[in-house]
Amino acid sequence: MLKVDGLSAAAGSFRLQDIHLTVPTGACHAVLGPSGSGKSTLLNAVLGAVVPTRGTIELAGDDITSWPIERRGIGYVPQQLGLFPHLSVRANLAYGARARRMSPTQVEPLLDRLVEITGIGALLDRYPGTLSGGERQRVALVRAIVASRGLVLLDEPFTALNESLRRELWWLVKELQHDRGMSVLLVTHDLTEAYFLAERITVLIDGARQQSGDKEQIYRHPATVAVARFLGIKNLYSASVVGANLLDCPALGGHIKLGALGGRCEGATCTLGIRSGHVALRAAGDPPRAGEHRLPGRFDAILDLGDDVLLRFKPQGGTGTLEVKLGARVARRRCPQAGAPGVVGLPLEDLIVLES
């Protein structure tokens, strides 16, 4: 288990502040955030390349905060992979274990198993410069696992790969986790990657932890407007409480009755949000549905993205627009035309109310 408690660190003028997270044995924890949010600084502090100014780092019950890199025994796959170009694949794989002074009897059975799982047996006598991107990724993963005490740090290692190869490697990481029971601390800005690989997520913005917890909980209940924006929620609107569970949202055309407002008092301001994919198309004559707020209006733009179609909807009497996302199959059956009138439904359970 990895436990980071109250960690602060500096990298030049940048400050990472009071970070707490835990990675249980055999689990994957993803650290998400935009560029410059402190993700790599956090990873480097865990690795031992950055000295914390405050807080502690524990691994498998040992306080490793002040340990040198080579003593920590943490596997690491950086963005640029860090393979030695002058060494063969076989020598690259052996390097980390040799640096940890592991005996061949310790290393060889594990290495043989990892080579089999990752399918790199035919590459062992080749050099990194002769490998494809996916092959280099596999070699870097194996080298990191061989050299680790059970924890591997992944610093956006799949960013440069195409979508199909990235997904293939995600499955490989899952298989390696299952086979080895290894823990993974993943740094990424890719939401899909984080939600595929990790059970728990921490969102960093400007060096501070904005939210941490179960990935489904964070998906459905972002803690702040900044987290909601980072998680891709485009529909965010200023609103105010005007009655019992009643919001006034000028952008969407007026009052919206919710199930609960978390004790917010009349006159309080907030931000109302909903994901594009949670907005439903409704026919004008459809009867009202329980737990849904209806908005009449018109569609003023359509954007076909291949797998999805984005619609821009202008609510009647509203000052803003609402983004609606349809899957391609749904869009083929019932996508409206630009300029056409229409009705959308906002499921109340999918509306998000945030502090302004």
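Working note: 222 nm ellipticity from helices only, DSSP H runs with n ≥ 4, each -39,500 (n - 2.57), summed and divided by the residues of the chain, gives -8000 deg cm²/dmol to the nearest 500.
Under the combined filter of DSSP loop state and at most 13 neighbouring Cβ atoms within 10 Å, the range 250-356 retains these trypsin sites (Lys or Arg not before Pro): 289.
Within the straight-line cut-off of under 15 Å between alpha carbons, the aspartates and glutamates reachable from residue 325 are 300, 304, 307, 308, 350, sequence neighbours fewer than 8 places apart in one chain being disregarded.
The average projected area of the range 2-222, computed from the convex hull of its Cα atoms over all directions, is 11.8 nm².
Spatially, the range 306-332 and the range 22-80 are offset by 41 Å when compared through their Cα centroids. When the Gaussian network model of the chain links Cα atoms closer than 10 Å, the mean-square fluctuations of 198, 228, 301 top out at 301.
Of the GluC sites (Glu not before Pro) found in the range 66-157, no site is in coil according to DSSP while having at most 16 other Cβ atoms within 10 Å of its Cβ. Bridging of residue 3 to lysines at a Cα separation below 28 Å is possible for 39, 174, 215, once same-chain residues fewer than 8 apart are set aside. Given R₀ = 51 Å, FRET efficiency for residue 13-residue 290 by Cβ-Cβ distance, to 0.05? Efficiency, rounded to the nearest 0.05: 0.45. For the range 233-355, the mean projected area of the C-alpha convex hull, equal to one quarter of the hull surface, is 7.3 nm². Here the calculated FRET efficiency for residue 149 and residue 349, from their Cβ-Cβ distance with R0 = 30 Å, stands at 0.10, rounded to the nearest 0.05.
Every number here is computed from the coordinates shown, using simple stated rules; none is lab data. Nothing here was measured: the structure is a model prediction, and the numbers come from that model. Note that we place each Cβ from the backbone using ideal geometry, even for glycine, and neighbour counts take in every protein chain shown.
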